[in-house]
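Asker: Sharing a structure with you now.
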Amino acid sequence: MLKVGIIGVGTVGTSVVNILKDNAEIITARAGKEIFVKSGVVQNLDKDRGVDIKLSKDPMDIINDPEIDIVVELMGGIEGPFDVVKAALAKGKAVVTANKALLAYHRYELQELAGDLPFEYEAAVAGGIPIINALRDGLTANHIESIQGIMNGTCNYMMTKMMNEGVDYQPILDEAQALGYAEADPSFDVGGFDAAHKLLILASIAYGIDAKPEDILIEGIDNITQEDIAFAKEFGYVIKLLTIAKKSGNEVELRTHAALVPQDKMIAKVDGVMNAVSVIGDKVGETLFYGPGAGGDATASAVVANIIDIARRGKGSPMLGFHTPLEKGLTLKSKDEIVSKYYLRMGVEDKPGVLSSVTKMFADHDISIETVLQRPIDNGSANLLFATHEAVEKNIQSIMKELSQASFVNTVPSMIRIEA
Ligand code: HSE
């Protein structure tokens, strides 16, 4: 029998206990032994979790228990879980975590500390989709050319409802929280950080890139307005929070941000809490993974799969699947040099010469305009909406700064990248 302790018995932790109970027969057959959740740790002992396991408030109760074989870390946060996981590894315990923020900051240290101990984290990226398994095992024959997808269920749920049902931002965020999709601090979701953490994990496996969140381009969906949604609809786009790793030559670009995606693209049809990840390998071509990206049972499905795998194998493979450097000479592309098409929106005074002043600014920054649209608002103001041809990020950042200071621009300009 294999004994498990769960630190953090919330939405996902409760589902882990229930799946191990509901599917005990098939799990025992697949694992080759019985798996038993011996104990759990929670912050509030008074709250009823509906699970029949021994609960305490101190993670050390699990870490110091010689009978526990696997510590499942589902606490949330970064430094607190890091200490707990380090302590568990120091006691020789196998670790399973769903904590992408922890891995975004400490994955290389954890790989060193884990050594040959099993350390698994399938649930950290794209909830129930086995994308870690695919990258770390199934696709290892390939150079990975790109990884692109929708990796935050909360944002995708919100954008789908905002686009299809015109629901406002805050009530739909409240709904995503109530459904158990959002992080404890939902600004991690809507600010793009959660998706960026996932991207960094995938980029480590695919490229050996040891980047931190601060090194890459991260934006969220918190600035999207009904005007942007109306523009997207009129021009045949949907708005998605996209997460992208792309290799060109010796550089890899990593970015996560809202994007206008043509509505006939497969990724545009990924709605609600569903995630999708496309991986292009130089030998296999394109592979596409689709499934629920958040939620108790979907995420716990990946956690339990890791537990079964550890039960079966007994020992671990290197945590990130390799030792760096993975590809010699590969570097992270500077955020400033990223190339994309862009959509820009700004409110301006509706008077002679304004449009030509704005278009001159585009020319001065070496940005070519593909489409322009002017919409009168009221009181002598208008919204100007531009779609550009491919442009360099630093030029867009500098025109945005200049526009926000121009006397004839009367609302802060906003920008969304366009991914064809
Ligand atoms: N908050 C995350 C999401 C949970 O919405 O995708 C899964 O990582």
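Asker: Of all residues in the range 109-126 being in a helix (DSSP H, G or I), of a type in the set (A, V, I, L, M, F, W, C) and more than 16 Å from the ligand (Cβ to nearest atom), which is nearest to Ile308 (Cα to Cα)?
Answerer: Ala114
Asker: In addition: Would the range 249-258 turn up any residue that is under 30 Å from Glu214 (Cβ atoms), at pLDDT below 95, assigned to a loop (DSSP other than H, G, I, E, B) and open to solvent by less than 50 Å² (accessible area, probe 1.4 Å)?
Answerer: For the range 249-258, residues under 30 Å from Glu214 (Cβ atoms), at pLDDT below 95, assigned to a loop (DSSP other than H, G, I, E, B) and open to solvent by less than 50 Å² (accessible area, probe 1.4 Å): absent.
Asker: Hey, can you tell me all the residues within the range 98-123 that are without any contact (Cβ under 8 Å) to a residue 60 or more places away in the chain and in contact with a strand residue (DSSP E or B) (Cβ under 7 Å, 6 or more places away or on another chain)?
Answerer: Asn99
Asker: In a helix (DSSP H, G or I) and out of contact with any Phe, Trp or Tyr (no Cβ under 6 Å at 6 or more places or on another chain), is that true of Glu145?
Answerer: It is false that Glu145 is in a helix (DSSP H, G or I) and out of contact with any Phe, Trp or Tyr (no Cβ under 6 Å at 6 or more places or on another chain).
Asker: Given (1) among the hydrophobic types (A, V, I, L, M, F, W, C); (2) crowded, with 16+ Cβ neighbours inside 10 Å; (3) under 30 Å from Asp210 (Cα atoms), identify the lone condition not met by Val339.
Answerer: Here Val339 clears every test but (2).
Asker: Moving to a separate point now. Does at least one position in the range 137-144 carry a residue that is in contact with a strand residue (DSSP E or B) (Cβ under 9 Å, 6 or more places away or on another chain), among the polar types (S, T, N, Q) and within 19 Å of Gly13 (Cα to Cα)? Outline the logic, then answer.
Answerer: Taking the range 137-144 first, the residues in contact with a strand residue (DSSP E or B) (Cβ under 9 Å, 6 or more places away or on another chain) are 138-139, 141-144.
Next cut, among the polar types (S, T, N, Q) only: 142.
Going one step further and asking which of them are within 19 Å of Gly13 (Cα to Cα), we end up with none.
No, that holds for no residue.
Asker: I'm trying to understand the selection: among the residues of the range 287-335, which are within 16 Å of the ligand (Cβ to nearest atom) and within 29 Å of Glu251 (Cβ to Cβ)?
Answerer: Answer for the range 287-335, where residues must be within 16 Å of the ligand (Cβ to nearest atom) and within 29 Å of Glu251 (Cβ to Cβ): Phe289, Tyr290, Gly293.
Asker: In addition: Would you say Glu227 is open to solvent by 30 Å² or more (accessible area, probe 1.4 Å), modelled with pLDDT of 95 or more and either outside the structural domain of Ser414 (by TED's automatic domain parsing) or away from the ligand (no atom under 16 Å from the Cβ) (or both)?
Answerer: Taking the combined requirement at face value, the residue does not satisfy it.
Asker: Something else now. Being assigned by TED's automatic domain parsing to the domain that holds Ile63, touching a Pro at 6+ places or on another chain (Cβ under 9 Å) and surrounded by 21 or more Cβ atoms within 10 Å (Cβ to Cβ): is that true of Gly40 here?
Answerer: Values: assigned by TED's automatic domain parsing to the domain that holds Ile63: yes; touching a Pro at 6+ places or on another chain (Cβ under 9 Å): no; surrounded by 21 or more Cβ atoms within 10 Å (Cβ to Cβ): yes.
No, not satisfied.
Asker: Considering the range 393-417 alone, what residues qualify as being closer than 13 Å to Phe362 by Cβ and of a type in the set (A, V, I, L, M, F, W, C)?
Answerer: So in the range 393-417, the residues closer than 13 Å to Phe362 by Cβ come out as 395-396, 398-400, 402-403, 406, 413, 415.
Matches in the range 393-417: Ile396, Ile399, Met400, Leu403, Ala406, Met415.
Asker: Just give me the residues in the range 185-195 being assigned to a loop (DSSP other than H, G, I, E, B) and within 9 Å of the ligand (Cβ to nearest atom), in sequence order.
Answerer: The answer is Pro186, and nothing else.
Asker: Take the residues in the range 43-67 that are among the aliphatic types (A, V, I, L, M) and farther than 15 Å from Lys93 by Cα; name whichever of them is surrounded by the fewest Cβ atoms within 10 Å (Cβ to Cβ).
Answerer: Leu45
Asker: Moving to a separate point now. Just give me the residues in the range 360-396 being of a type in the set (Gly, Ala, Ser) and open to solvent by 40 Å² or more (accessible area, probe 1.4 Å), in sequence order.
Answerer: Correct list: Ala363, Ser368, Gly380.
Asker: Would you tally the residues in the range 230-247 being open to solvent by less than 40 Å² (accessible area, probe 1.4 Å) and in a helix (DSSP H, G or I)?
Answerer: Residues flagged as open to solvent by less than 40 Å² (accessible area, probe 1.4 Å) and in a helix (DSSP H, G or I) within the range 230-247 amount to 2.
Asker: Sort out which residues of the range 397-408 are open to solvent by less than 60 Å² (accessible area, probe 1.4 Å) and touching a helix residue (DSSP H, G or I) at 6+ places or on another chain (Cβ under 9 Å), and write them in order of number. First the steps, then the outcome.
Answerer: Going residue by residue through the range 397-408, those that are open to solvent by less than 60 Å² (accessible area, probe 1.4 Å) are 398-400, 403, 406, 408.
If the condition is that a residue be open to solvent by less than 60 Å² (accessible area, probe 1.4 Å) and touching a helix residue (DSSP H, G or I) at 6+ places or on another chain (Cβ under 9 Å), then Ile399, Leu403, Ala406, Phe408 are the ones that fit.
Asker: Determine if the range 61-76 includes at least one residue that is among the small types (Gly, Ala, Ser) and part of a loop (DSSP other than H, G, I, E, B).
Answerer: The answer is yes, given that some residue of the range 61-76 is among the small types (Gly, Ala, Ser) and part of a loop (DSSP other than H, G, I, E, B).
Asker: How many residues does the range 127-144 contain that are under 19 Å from the mean Cα position of the chain (by Cα) and more than 12 Å from the ligand (Cβ to nearest atom)?
Answerer: Within the range 127-144, the subset under 19 Å from the mean Cα position of the chain (by Cα) is 127-136, 144.
Applying the additional criterion that residues be more than 12 Å from the ligand (Cβ to nearest atom) yields 130, 132-136, 144.
Qualifying residue count for the region: 7.
Asker: So which residues in the range 152-181 are more than 18 Å from Ile224 (Cα to Cα) and near the ligand (Cβ under 7 Å from one of its atoms), if there are any at all?
Answerer: Tyr181, the sole residue that qualifies.
Asker: Filter the range 24-50 for residues that are closer than 18 Å to Asp65 by Cβ and in a loop (DSSP other than H, G, I, E, B) and give the result.
Answerer: If we filter the range 24-50 for residues that are closer than 18 Å to Asp65 by Cβ, which is where we start, we get 34-42, 45.
Glu34, Val42, Leu45, listed by residue number.
Asker: Can I ask one more? Scan Ala101, Ala87 and give me the residue that is part of a helix (DSSP H, G or I), more than 16 Å from the ligand (Cβ to nearest atom) and open to solvent by less than 40 Å² (accessible area, probe 1.4 Å). Even if it seems obvious, please write down each step before you answer.
Answerer: Numbers: Ala101 fails: more than 16 Å from the ligand (Cβ to nearest atom).
Exactly one of Ala101, Ala87 is part of a helix (DSSP H, G or I), more than 16 Å from the ligand (Cβ to nearest atom) and open to solvent by less than 40 Å² (accessible area, probe 1.4 Å), namely Ala87.
Asker: Can I ask one more? Cβ-Cβ under 8 Å, sequence separation 6+ or interchain: first residue in the range 393-409 and without any contact (Cβ under 8 Å) to a residue 24 or more places away in the chain and within 22 Å of Ile218 (Cα to Cα), partner among the hydrophobic types (A, V, I, L, M, F, W, C) and surrounded by fewer than 16 Cβ atoms within 10 Å (Cβ to Cβ). Which pairs?
Answerer: Listed pairs, sorted by first residue: Ser404/Val412.
Asker: Right, another one. Report whether or not Leu254 is hydrophobic (A, V, I, L, M, F, W, C), closer than 19 Å to Asn275 by Cα, under 14 Å from the mean Cα position of the chain (by Cα) and outside the structural domain of His106 (by TED's automatic domain parsing).
Answerer: Numbers: hydrophobic (A, V, I, L, M, F, W, C): yes; closer than 19 Å to Asn275 by Cα: yes; under 14 Å from the mean Cα position of the chain (by Cα): yes; outside the structural domain of His106 (by TED's automatic domain parsing): yes.
It is true that Leu254 is hydrophobic (A, V, I, L, M, F, W, C), closer than 19 Å to Asn275 by Cα, under 14 Å from the mean Cα position of the chain (by Cα) and outside the structural domain of His106 (by TED's automatic domain parsing).
The values are calculated or read from the model by the stated rules, or taken from the named source; none is laboratory data. Note that the structure is predicted; figures quoted are calculated from it, not measured. Heads up, the Cβs are rebuilt from the backbone with ideal geometry, glycines too, and the neighbour counts pull from every protein chain shown. With ligands, DNA and RNA removed, areas are computed over all heavy atoms of the protein, side chains included. Shrake-Rupley method; radii C 1.70, N 1.55, O 1.52, S 1.80 Å.
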